[in-house]
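Notes to accompany the following structure.
Every read-out reported here was derived from the displayed coordinates using simple, explicitly stated rules and does not represent laboratory data. Nothing here was measured: the structure is a model prediction, and the numbers come from that model. Here the Cβ positions follow ideal geometry from the backbone for every residue, glycine too, while neighbour counts run over all protein chains shown.
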Amino acid sequence: MEKNYGIECLNVQKESTRKELYRRVCLARDFITENYNRKFSLKEVAQRSCLSVNHLLRSFKAVFGMSPYQFLARVKLSKAKFFLEKSDYLVAQISFLVGFDSISSFIRLFKSVFNVTPLKYKRLYFAQKS
C-alpha cells in the first residue's frame, strides 16, 4: 500500500493549526531550495520556519514524504542534472556549484539515484540530442 503525503497527513486536530504548520513546513522547503548550494544547519532551517528541530523533522516528513536532508539531496541532484545538460562545466565544478564538499560523494550519490555517473549521464544526454 502506498503512503500518502501532504497537509492532510499532519497530525493536528484544528484546521487552522494544520494550515499554519503546513505554511511553516513550506517555509522550510523554500529555504532549503533557495540555499541548496551553501552550508546551513537543520537548526537554522527550523528557526527560519519557526519550528523546533524535532517538530520540523516530523512535519516535513509527513508533508513531503522525506526528511529535509533527503529533500536537499534531491534539490542538489536536480540542479546538477540541469548543469550537466545545459552547461560546459566539468563534473568537479558542478559538484561544488551545487554545494557538495566532495566530488566523490557527489558522484556516489548521483550514481545511486540515477544508476549512472554524472560524466556518463552528460555523455548520454548529448549523444541523444545529436
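Points to keep in mind about this one:
- Within the straight-line cut-off of under 29 Å between alpha carbons, the lysines reachable from LYS14 are LYS3, LYS43, LYS61, sequence neighbours fewer than 8 places apart in one chain being disregarded.
- Degrees, to the nearest 10: 53-64 long Cα axis against longest axis of the chain: 70 degrees
- Taken about its Cα centre, the chain carries a charge dipole of roughly 180 debye when the Cβ of each Lys and Arg holds +1 and the Cβ of each Asp and Glu holds -1.
- Structural descriptor for the chain: relative contact order 21 percent, calculated from alpha carbon pairs under 8 angstrom and at least 6 residues apart.
- Checking the Cα-Cα distances for LYS86/LYS120; LYS79/LYS122; LYS39/LYS81 against a 18 Å cut-off, the pairs over it are LYS39/LYS81.
- q = 0.10, 0.23 Å⁻¹: log10 I(q)/I(0) that the Debye formula gives for the chain, counting C-alpha atoms only: -0.40, -1.23
- Taking the C-alpha atoms only, the angle from helix 68-86 to the longest principal axis of the chain is near 30 degrees.
- Fraction of the pair-distance distribution of segment 74-129 above 12 Å, Cα-Cα pairs, percent: 60 percent
- Charge tally around PHE126: other residues with Cβ under 14 Å, Lys/Arg +1 each, Asp/Glu -1 each, net +4.
- Per-peptide packing, taken as the mean over residues of other Cβ atoms within 10 Å, places 100-110, 74-84 in the sequence 74-84, 100-110 from highest down.
- Dipole axis of the chain (+1 Lys, Arg; -1 Asp, Glu on Cβ), positive-most option in SER16, GLY65, LEU109: LEU109
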